[in-house]
Amino acid sequence: MELIFEKSRSGRRAGRVPDYGLPKPELPHDLRRALPPRLPEVAEPEIVRHVTALADRTFGIDTGFYPLGSCTMKHNPRVNERVGRLPGFRDLHPHQEDEGAQGALELMWRLQEMLAEIAGLPAVTLQPAAGSQGELTGLMLMRAYFADRGEERDTIITADTAHGTNPASVTMAGYSLERVGTDARGNLDLDDLRAKVNERTAGLMLTNPSTLGLFDEGIEEVARIFHDAGALLYYDGANLNAVVGISRPGDMGFDIVHYNLHKTFSQPHGGGGPGGGPVAVRDTIEPYLPAPVVARDGDAYRLDHDRPRSIGRVRGFAGPFGVFVRSYAYMRAFGPGLKEMSEVAVLNANYLLARLKDVYDLPYDRHCMHEFVLSARNLKREHGIAALDVAKRLMDYDIHPPTIYFPLIVSEALMIEPTETEPKERLDGFVDAMRRIAKEAAESPELLKEAPHRRPVRRLDEVRAAKQPVLRYLFDEHPALVEAE
Amino acid sequence: MSYLSLTDADRDEMLAAIGVASVEALFEQIPPGVRFGRELDVPRALPELELVAHLSELAKRNVHTGVELSFLGAGIYDHYVPAVVDVLLSRGEFLTAYTPYQPEMSQGVLQAIFEYQTVICELTGMDVSNASGYDGCTVAADACFVAKHTSGRTKVVVAETLNPQVRQVVKTYASGFGLEVVEVPHRGGTIDPDELAAASVDAAAVIFQQPNFLGCLEPAPDLAAAAADAGAHPIAHVDLMSLGVLEAPGAYGCAMAIGEGQSAGCPPLYGGPHYGFFAARQDFVRRMPGRIVGETVDLDGQRAFVLTLQTREQHIRREKATSNITTNQTLLALAGLVTLTWLGPQGLRGVGETCVGLTEYAKERLGLPLAFERPTFKEVAVRLPRPVRDVIRDARELGVHPGYALGRDYPEMDDVLLVALTEKRTPADVDRLAAVLAEVC
Amino acid sequence: MPAAETYPDDLKYHPEHDWALIDGDEATLGITWFAQDALGELVHYEAPTPGSTVAKDESYGEVESVKAVSDIVAPLSGEVLVVNQKAVDEPETVNDDPYGDGWLIRIRMSDPAEADTLMDADAYRAHIAEQ
């Protein structure tokens, strides 16, 4: 398919800007643009066709089943899009006086209240732009908390199953990292933990249920170990979809929690973003939350910037407001029935697990929560078929592959998360495809190694992409285009 | 609930397949002490119709640019978003896709990001762009992280005329990075290159904004040269909508160009989500934060696109990653791509010329003393005879939001109003602003 | 063409899958067949600068494939004399010939006695068999 730059012809244009008949302005010569940017010159009909063709070559939840583990690819209700574009939200300037933004502030305040109830923690900041920024915010809150208490603590502990964002956030926050292992049941290894927690430990970062999709059965003891050492517990909310209304991070002993609004609360992921990563905290940590926070005085709402002990600002304005509208709408559509959302997510995952565990290896054989991890190592051992081949072959069945090769402690990992919004027929379709692929691995392994066969492109040369990076359209290497001008 | 799809019969079959009597049995792995024993105390569920009514009621209590003639800018601008952007936003494939980890499933979004990267590189004069950062604030913090690692230095210099929110975010992040942040004050609305040169000694980077937060055009080439001479990476924080008429940062020697992309393709939306853009010279490519799409070929040799240079990222390099970012702002960045394509080079220049023309017209028509005698782009700072907050309140009574009170961020500018003019404002709108200000001042 | 699995007898081995070829007070260093095989085709070699020092058991550079990155651990301490530019320019050389054209750096040893702590080929083969 052509790039938009290859459809460009000099002199074509789509948008026209009003001419108000004002005098042509003079900008200082040395600040003025010398060469015009080579933006595409394309009229509107071909822009529309280009965008449409690109959409046709993209797979979303709207297209089909998308069991990408740890990403919670649930249905994105269209009413959320509609309300997200109401002019009173869309065209509201973020510097508008509080008095002119009461509806927006009330929505944010209500969202904070619901999030606080779900986490079992009293105070919430909506500011972080995504889960990983929530993590960084949480670690900065720990730092501020200990600094205020005059305690020098420099180490954060993570699990060996942790998302890569956890260690990356630890480094960005200026902490050093210590890893704790996983025991045979998939829980944190308590002996390893006891040996590593000491007076230098600032806290733990943990996903619960873990990236193995297992609830940590020792979580109460884990919390005791950290709190007894004066350290804090951070809850990575990537897997919160498993426990809404069923178990609250605050009750598990966590002091700081982030939510992924684009996972649990259905903000569409947009091919990579946007997201939202609010953070809830215990009252002892509340003074350090980023400024501003939304405050309520009687019936009036305002942005409170006067927070002397705040860690500061982590993003512009009060957060990704459009994401709040969508997630608020999703939560209001369920109400207290949010518990059923998590129940069905867990039911769907366990159903898939039950129907697949006889054909793929199951490293931790117990009921899962909202996701589970299989291993294709049996196929690898017996037929030379890797998790990657299984993933690529699923595409031929019009199913998006699960997350693969993660968590790192499981070889040939396939991490599967169906979410609550899938009907049984889709789940059965996935089971059928996965079972057929296991059979194909034995009977016709070449079919899998060369998969996919029915996508717009075949497997890519990723080595070439990394070794000789071409990261933008190289106009000078397409002379035909220049001649056409 | 209508978003769930299981029937009672489905549930029974599924429970039987799992071999448990109830869903409750699946939760036995949760220690009883941390089970939540009551119903969530959240408002009742709303059917779609009531949900729309409730949110419409909240939306109505906001005074937006459709009901109030607004001259607010200061980082977020009310530029026109073309209707073709709706084609993008209404296609569920873009809206509901995850990050394109599996390229065979995602060629459309990957190609679109590649096109976006190209447009950002063209506008900024840089060699490489990522697929977006969160916003114009966090990309500045990212740039500091890159500069620290490539220079080995532990100080960054920021212009006082850089958006205050950007400076605040840089300071928040810098404490974690172990970076010292030094501010250089403005002199009459812009930064003095000699003063900047002195401050830049031993600095990893210098960040300045063009056009700056006070509405003035900085002597950007001189600032970049001052930073570079001191061995610091010059970083320009720029507005995409200005780059049809203002010089590209790459042309005057910047190492990186960053900024808030909202003005190209995104409505104000009370502060987000928008997108931050991050572009740099080739030599920074291995230290870039975030996703990057590259061109390659498939097994048949046909052109294809893929996320590349992923060893920079958190899911591979973990604690040594160039950033912790994973979710970014792809959908908004693509709205920017469509908007800039719709404008084309002529349209972008037209927007710039209209902004500059309207701003000159406003200077004349408002008849108020200018706070700074400097060339401007689409914002002008004027001095008012009354406290700005009072003027804003009184003007809003008359249906006009006259602009941003610079005293919010610069205590010595208590009497300065920052007026923003995009191509959506007309000369008649400026006349009305002039009349309202004359009445309330 | 990827090389076949070998562990030459004239080399000394470090448990982090690095080898050393000792020649007087100098040594040539690289990564083993096992290491390059685990990483897959290399796309980048982040080399140290000549004149810098490397310390035994510590990282002196990185090698990257498309989906993995690995520290290169120094089996011996010393000063970097030469970096293999061919491995920088064409990192797949390390896959093709890990003990020949795919060497990584040459050092002047600061403590030649360290060599006694390294494994011989048989011990290294036993080491990787355990993994």
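Within segment A:270-284, work out how many residues are touching a His at 6+ places or on another chain (Cβ under 6 Å) and more than 7 Å from chain B (Cβ to nearest Cβ).
First, pick out the residues of segment A:270-284 that are touching a His at 6+ places or on another chain (Cβ under 6 Å): A:275, A:277, A:279.
Checking the rest, the ones that are also more than 7 Å from chain B (Cβ to nearest Cβ) come to A:277, A:279.
Residues flagged as touching a His at 6+ places or on another chain (Cβ under 6 Å) and more than 7 Å from chain B (Cβ to nearest Cβ) within segment A:270-284 amount to 2.
Kindly evaluate B:Arg91 against the criterion of being within 7 Å of chain A (Cβ to nearest Cβ), in contact with a helix residue (DSSP H, G or I) (Cβ under 6 Å, 6 or more places away or on another chain), over 30 Å from B:Val388 (Cβ atoms) and not small (Gly, Ala, Ser).
Details: within 7 Å of chain A (Cβ to nearest Cβ): yes; in contact with a helix residue (DSSP H, G or I) (Cβ under 6 Å, 6 or more places away or on another chain): yes; over 30 Å from B:Val388 (Cβ atoms): yes; not small (Gly, Ala, Ser): yes.
The answer is yes for B:Arg91.
Conditions (1) in a strand (DSSP E or B); (2) at pLDDT 95 or above; (3) surrounded by 17 or more Cβ atoms within 10 Å (Cβ to Cβ), marked per residue:
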{"position": "B:Phe372", "(1), (2), (3)": "no, yes, yes"}
{"position": "B:Val382", "(1), (2), (3)": "yes, yes, yes"}
{"position": "B:Arg393", "(1), (2), (3)": "no, yes, no"}
{"position": "B:Leu418", "(1), (2), (3)": "yes, yes, yes"}
{"position": "B:Thr422", "(1), (2), (3)": "no, yes, yes"}
{"position": "B:Arg425", "(1), (2), (3)": "no, yes, yes"}
{"position": "B:Asp429", "(1), (2), (3)": "no, yes, yes"}
{"position": "B:Val436", "(1), (2), (3)": "no, yes, yes"}
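Screening segment B:151-191 for residues that are outside any strand (DSSP E or B) and among the charged types (D, E, K, R) and picking the one that is surrounded by the most Cβ atoms within 10 Å (Cβ to Cβ) gives B:Arg167.
Listed by position, the helices (runs of 4 or more DSSP H) enclosed by segment A:359-447 that each have at least 2 residues that are acidic (Asp, Glu), at pLDDT 95 or above and over 19 Å from the mean Cα position of the chain (by Cα) are A:387-396, A:424-443.
Here is a check on your reading of the model: is A:Arg355 within 30 Å of B:Tyr275 (Cα to Cα), surrounded by fewer than 23 Cβ atoms within 10 Å (Cβ to Cβ) and of a type outside the set (Gly, Ala, Ser)? In short, no. Pairing residues of segment A:26-42 that are touching a residue at least 40 places away in the same chain (Cβ under 8 Å) with residues that are surrounded by fewer than 19 Cβ atoms within 10 Å (Cβ to Cβ), at Cβ distances under 9 Å and at least 6 apart in sequence or on separate chains, gives A:Arg38/A:Phe475.
Within segment B:225-270, the residues that satisfy the criterion of being of a type in the set (A, V, I, L, M) and part of a helix (DSSP H, G or I) are B:Ala225, B:Ala226, B:Ala227, B:Ala228, B:Leu240, B:Met241, B:Ala251, B:Leu269. Number of residues in segment B:265-295 that are touching a His at 6+ places or on another chain (Cβ under 7 Å) and either within 7 Å of chain A (Cβ to nearest Cβ) or within 30 Å of A:Gly15 (Cα to Cα) (or both) equals 2. For segment A:250-269, what are the residues that are facing chain B (nearest Cβ under 9 Å), touching a Phe, Trp or Tyr at 6+ places or on another chain (Cβ under 7 Å) and surrounded by 24 or more Cβ atoms within 10 Å (Cβ to Cβ)? Listed by number, the residues that qualify are A:Ser266, A:His269. Inspect segment B:425-435 for any residue being under 29 Å from A:Asp304 (Cα atoms), in contact with a helix residue (DSSP H, G or I) (Cβ under 8 Å, 6 or more places away or on another chain) and not hydroxyl-bearing (Ser, Thr, Tyr) and give the result as yes or no. The answer is no, given that none of the residues of segment B:425-435 is under 29 Å from A:Asp304 (Cα atoms), in contact with a helix residue (DSSP H, G or I) (Cβ under 8 Å, 6 or more places away or on another chain) and not hydroxyl-bearing (Ser, Thr, Tyr). Residues satisfying the criterion are present in segment A:102-121 (criterion: touching a strand residue (DSSP E or B) at 6+ places or on another chain (Cβ under 9 Å), within 23 Å of A:Thr284 (Cα to Cα) and acidic (Asp, Glu)). Pairing each residue of segment A:133-149 that is surrounded by fewer than 23 Cβ atoms within 10 Å (Cβ to Cβ) with any residue that is outside any helix (DSSP H, G or I) and among the polar types (S, T, N, Q), provided the two are 6+ apart or on different chains, yields C-beta distances under 9 Å for A:Ala144/A:Ser310. Residue count for segment B:18-44 satisfying the condition of being surrounded by fewer than 17 Cβ atoms within 10 Å (Cβ to Cβ) and of a type in the set (A, V, I, L, M): 2.
Restricting to segment B:45-69, what's the tally of residues that are loosely packed, with under 14 Cβ neighbours inside 10 Å and either closer than 20 Å to A:Arg302 by Cα or touching an Asp or Glu at 6+ places or on another chain (Cβ under 9 Å) (or both)? Step through it out loud before you land on a result.
Of all residues in segment B:45-69, those loosely packed, with under 14 Cβ neighbours inside 10 Å come to B:47, B:49-50, B:53, B:57, B:66.
This time we only want the ones that are either closer than 20 Å to A:Arg302 by Cα or touching an Asp or Glu at 6+ places or on another chain (Cβ under 9 Å) (or both), so: B:57, B:66.
Summing the residues that are loosely packed, with under 14 Cβ neighbours inside 10 Å and either closer than 20 Å to A:Arg302 by Cα or touching an Asp or Glu at 6+ places or on another chain (Cβ under 9 Å) (or both) in segment B:45-69 gives 2.
Within segment B:246-257, can one find any residue that is at positive phi and in contact (Cβ under 8 Å) with a residue 12 or more places away in the chain? Yes, there is a match, as at least one residue in segment B:246-257 is at positive phi and in contact (Cβ under 8 Å) with a residue 12 or more places away in the chain.
Pick out, from segment B:273-368, the strands (runs of 3 or more DSSP E) lying fully within it that include 1 or more residues that are under 29 Å from B:Glu423 (Cα atoms).
On the way: elements: B:276-280, B:293-297, B:303-307.
Here the list reads B:276-280.
Do the conditions hold for A:Gly218, that is, is it closer than 18 Å to A:His163 by Cα and within 12 Å of another protein chain (Cβ to nearest Cβ)? Here the answer is no, as A:Gly218 does not meet what is asked. When A:Tyr301, A:Tyr288 are checked against the criterion of being buried (at least 20 other Cβ atoms within 10 Å of the Cβ), farther than 23 Å from A:Gly131 by Cα, touching a residue at least 24 places away in the same chain (Cβ under 8 Å) and touching a helix residue (DSSP H, G or I) at 6+ places or on another chain (Cβ under 8 Å), A:Tyr301 stands alone in meeting it. Between B:Thr138, B:Thr118, the distinction of being in contact (Cβ under 8 Å) with a residue 60 or more places away in the chain, facing chain A (nearest Cβ under 7 Å), under 23 Å from B:Thr327 (Cβ atoms) and of a type in the set (Val, Ile, Thr) belongs to B:Thr138 only.
Filter segment B:312-323 for residues that are of a type outside the set (Lys, Arg) and within 8 Å of chain A (Cβ to nearest Cβ); which is surrounded by the most Cβ atoms within 10 Å (Cβ to Cβ)? By that ranking, first place goes to B:Ser323.
Under the condition of being under 20 Å from the mean Cα position of the chain (by Cα) and either more than 7 Å from every other protein chain (Cβ to nearest Cβ) or hydrophobic (A, V, I, L, M, F, W, C) (or both), the residues counted in segment A:320-341 number 12. Within segment A:30-88, the set of residues being out of contact with any Leu (no Cβ under 7 Å at 6 or more places or on another chain), closer than 30 Å to B:Gly271 by Cβ and of a type in the set (Gly, Ala, Ser) comprises A:Ala55, A:Ser70, A:Gly84, A:Gly88.
Can you pull out every residue in segment A:192-242 that is of a type in the set (Gly, Ala, Ser) and touching a residue at least 40 places away in the same chain (Cβ under 8 Å)?
A:Ala202, A:Gly203, A:Ser210, A:Gly213, A:Gly230, A:Ala231, A:Gly237, A:Ala238, A:Ala242
Please count how many residues of segment B:91-138 are among the polar types (S, T, N, Q) and under 30 Å from A:Met415 (Cα atoms).
Looking only at segment B:91-138, we keep the residues that are among the polar types (S, T, N, Q), and these are B:96, B:99, B:102, B:106-107, B:111, B:117-118, B:124, B:129-130, B:132, B:138.
Those still in the list that are under 30 Å from A:Met415 (Cα atoms) too: B:96, B:99, B:102, B:106-107, B:111, B:130, B:132.
Looking only at that region, the number is 8.
Here is a check on your reading of the model: is A:Ala451 crowded, with 16+ Cβ neighbours inside 10 Å, touching a residue at least 60 places away in the same chain (Cβ under 8 Å) and at the interface with chain B (Cβ under 10 Å from one of its Cβ atoms)?
Details: crowded, with 16+ Cβ neighbours inside 10 Å: yes; touching a residue at least 60 places away in the same chain (Cβ under 8 Å): yes; at the interface with chain B (Cβ under 10 Å from one of its Cβ atoms): yes.
Spelling it out, A:Ala451 is indeed crowded, with 16+ Cβ neighbours inside 10 Å, touching a residue at least 60 places away in the same chain (Cβ under 8 Å) and at the interface with chain B (Cβ under 10 Å from one of its Cβ atoms).
Taking the listed residues A:Ser210, A:Ser247, the one that is over 29 Å from B:Asn130 (Cα atoms) and more than 8 Å from every other protein chain (Cβ to nearest Cβ) is A:Ser210, with no other qualifying.
The values are calculated or read from the model by the stated rules, or taken from the named source; none is laboratory data. This structure is a prediction, so every number in the text was calculated from the model and none was measured. All Cβ positions, even for glycine, are placed from backbone atoms using ideal geometry, and neighbour counts span all protein chains on display.
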